[in-house]
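Structure first, then comments.
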Amino acid sequence: MTAATTRERILDIALDLFIRKGYAETSLREIAAELGFSKAALYYHFASKQDILMALHMRVHDLTNDVLPVLQAGADPAAVFERLVDVLIGLAVRQRRLIELHLRNQEAVAELHRAPGLAKHGAVMTEVQDDFLSLARDRSVSVEVRIRRVAALGTVAAVLLGAGAFEDLPDAELEAALRNVTRDVLGTGSGSAGAH
């Protein structure tokens with residue numbers, strides 16, 4: 001097994017434990033035991049438990065690589081917003097365990113954000129938020145359309161916040177249902193008149 005593969009295995013086990021038990025309640029010894037490693041072997045790959053959480057957290061920051069180009073496409077704002085929601089649904093469903101990790105361990109994640117190494121990534125997240133807000137503030141569309149846009153993202157977020165309610169659903173089924181609901185919220189579903 002390569003070092004990269006071992007590192008990914010460590011992250012997968014830690015992700016599971018951090019979700020099940022919580023970051024604060026999980027020890028490096030428990031992570032090592034799940035892997036059949038000694039604690040010393042774990043230190044070869046990660047210097048601390050916080051380093052493991054940081055590596056998992058960076059996976060979420062890496063998702064902005066797919067979002068930022070959509071926001072900066074410069075096309076029709078309605079098309080950009082629909083594409084943004086579409087991309088976010090795909091990312092959210094495929095990465096729902098990572099998102100669950102963040103939701104269940106908010107204090108530990110907040111502590112990470114105080115680390116100096118995240119300044120660059122924080123700037124990218126701020127850029128994503130600013131671009132999104134400019135779409136939400138688009139005065140060229142009605143207030144109803146603006147509300148629908150924000151509500152569509154809220155729908156995606158609400159499903160993720162209630163991730164446990166959908167853990168029995170395969171990703172493809174959850175993704176298809178979430179896309180249908182958000183299209184209805186946006187007013188672009190098959191039964192709507194199209195609220196662009």
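Where a number appears in this text, it was derived from the coordinates with a stated rule and is not lab data. This one's a predicted model, so the numbers in the text were calculated from it and none came from an experiment. Every residue, glycine as well, gets a Cβ built from its backbone with ideal geometry; the counts of neighbours run over all protein chains shown.
When all C-alpha to C-alpha distances in region 3-47 are sorted into bins of 10 Å, what percent of pairs does each bin hold, rounded to whole numbers?
Result returned by the calculation: 30, 60, 10.
Quick one: net charge around Asp138, please, counting Lys, Arg +1 and Asp, Glu -1 for every other residue with C-beta under 9 Å from its C-beta.
Around Asp138, the surrounding residues sum to +4.
Could you work out how far apart the two model spin labels at Asp16 and Asp66 are, taking each label as a point 7 Å from the Cα in the direction of the beta carbon, and quote it in nm?
Roughly 2.3 nm, to one decimal.
Using the 10 angstrom Cβ neighbour count as an exposure proxy, how do Leu56, Leu103 rank, fewest first?
Leu103, Leu56
Label points 7 Å out from Cα along the Cβ direction at Lys39 and Ala158: separation in nm?
4.5 nm
Of the peptides 8-21, 39-52, how do they stack up when ordered by the mean number of other Cβ atoms within 10 Å, highest first?
Numbers: 8-21: 17.6, 39-52: 15.2.
Output ranking for 8-21, 39-52: 8-21, 39-52.
May I ask for the net charge around Thr155, where only other residues with Cβ less than 12 Å from the Cβ of Thr155 are counted and Lys, Arg are +1 while Asp, Glu are -1?
+3
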